[in-house]
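Colleague: This structure is in structure tokens; I'll ask about it shortly.
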Amino acid sequence: MIEGIKRRALIRGGAALTSLLMALPSSAQSLDYAGLKENAPQRYTVVRGDTLWDISGRYLRHPWLWPELWQVNSQIGNPHLIYPGDTIVLEDCNGRPCLMLEKGREVVKLSPDIRRIPRREAVAPLSLEKVRHFLDEYRILGDDQTTDDFAYVIAGDDRQVISGAGDTVYARGNLTPRQAYAIYRPGERYVAADGEVLGRELIQVATGRRQASQGDIATLTLDTSRQEVSNGDLVLPLVPVMRADEFELRAPSRPIDSQIIAVPGGVRFAGQRQVVTLGAGARSGLAAGQVLKVVQPGEVVSDPRSDEILQLPAVEAGLVMVFQVYDKLSYALVMQTSRPLSVGDRLRNPDANDLLVANP
């Protein structure tokens, strides 16, 4: 009789344990659950000024894993939009964590595709202010283009050598009537270690509009100026700035092995929220919204016993997010850093162990 009681107790205990295990999300079923922070909120209401990076940081140890938690509900119109006032809810979707979006009384699932979000309203992956300011000021000339391909300033009005906002300048080249133009000064020319030309950086000094022309000489009125406009400066059409809310926060799908080749502005080191130039672009598989880790070489030290010169292991120094991509070069914003980043630091995909993919 005692043995029968023990058996019944063991069965009841086993059933209870099974029910408990079924009720809890299992890291054996889904590794990406391990990516959640222990203090991830069950509910979070989005406020004005939030970015997708900020929100993902509330839930995940690694923000680029955000798409792993998003689900798609094709029955909901515009399921990609996240606005201030919406509430994000952490749910259990068949043993996997997922994030749901509450809009009033509706609960809709998020999608990793956040493109075509209305500007100034929806949440963007990163701060717009820094990116917009930078993209207004810098652009890259591809290696298949030269400064001879573009119109250029030949003179200022009334023989002025330098001009500024409100002044008139004359440019030579084919300019479209009433078209908005930016005036650039050639900057750094980037060349790979093997001698391949990667591109030429252009620095915007002013903006203006073509007013009239005679032959191939056009008259431009300067609307704004960051620096004085000089003879020889290039005149290019003013291009729309890519919206940060078009980015898709994620890790690269292809292996990346590149480096920081410059810190725009003529400095060598970069900290958080500063921009760095990467020696890789679309040709290497980079795209806007991708996150890369920065790896710095270990210090060189002397063995205290043998006096042997040794190099310490490499150190992960931070994370950058790509926001503007050209064929062979890219610009990225420093999102996190544990130490100053430097020209020459290597760029890699986030660790494979961090890319938490669900097990079958």
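Coordinate-derived values only; no laboratory data. Since the structure is predicted, the reported quantities are computational estimates derived from the model, not experimental observations. For neighbour counting, all protein chains shown are included, and Cβ atoms are generated from backbone atoms with ideal geometry for every residue, glycine included.
Colleague: Out of the GluC sites (Glu not before Pro) in region 243-333, which ones are loop residues according to DSSP with at most 15 other C-beta atoms within 10 Å?
Modeller: Working: sites: E246, E248, E299, E308, E316; in loops: E248, E299, E308.
Taking region 243-333 and a limit of 15 other Cβ atoms within 10 Å, the loop GluC sites (Glu not before Pro) found are E299, E308.
Colleague: Excluding L341 itself, what net charge comes from residues whose Cβ is under 13 Å from its Cβ, given Lys and Arg +1 and Asp and Glu -1?
Modeller: On the way: positive: R268, R273, K293, R339, R346; negative: E316, D345.
That sum, taken over residues with Cβ under 13 Å, equals +3.
Colleague: Check which residues have an amide H placed less than 5 Å from Q179's amide H, if you skip close sequence neighbours.
Modeller: R210
Colleague: With Cβ to Cβ distances under 11 Å as the rule, what net charge do the other residues near V239 carry (K, R +1; D, E -1)?
Modeller: 0
Colleague: Provide the packing ranking of 341-350, 88-97, i.e. peptides ordered by the mean count of other C-beta atoms within 10 Å per residue, highest first. Walk me through the intermediate numbers first.
Modeller: Details: 341-350: 18.5, 88-97: 15.0.
Packing order, densest peptide first, comes out as 341-350, 88-97.
Colleague: Where does each of 42-51, 127-136, 201-210 land if you order them by average Cβ count within 10 Å, highest first?
Modeller: The packing order, highest mean first, is 201-210, 127-136, 42-51.
Colleague: Stokes-Einstein at 10 °C, 1.306 mPa s, Kirkwood radius from Cα pairs: D for region 189-302 in µm² s⁻¹?
Modeller: On the way: Rh = 18.2 Å.
Rounded to a whole number, D works out at 87 µm²/s.
Colleague: Would you mind listing how long region 120-241 runs along its three principal axes, going by Cα atoms, in whole Å with the largest first?
Modeller: Here the Cα extents, ordered largest to smallest, are 45, 45, 23 Å.
Colleague: Around K130, what is the net charge, scoring Lys/Arg as +1 and Asp/Glu as -1 over all other residues with Cβ under 13 Å from its Cβ?
Modeller: Net charge around K130: -1.
Colleague: What is the spin-label model distance, in nm, from D136 to S338 if the labels are put 7 Å beyond Cα along the C-beta direction?
Modeller: 3.6 nm
Colleague: Still on this structure, please answer the following. From the cross-link list K37/K130; K103/K293; K37/K293, which pairs have alpha carbons spaced over 23 Å apart?
Modeller: Where the Cα-Cα span goes over 23 Å, the pairs concerned are K37/K130; K103/K293.
Colleague: For a quick size check, give me the Cα extents of region 268-360 along its three principal axes, largest first, whole Å.
Modeller: The Cα atoms of region 268-360 stretch 49, 44, 24 Å along the principal axes, largest first.
Colleague: Give me, ordered by chain and number, the residues 5 or more places off G95 or on other chains with an amide H under 5 Å from its own placed amide H.
Modeller: Hits under the 5 Å cutoff: none.
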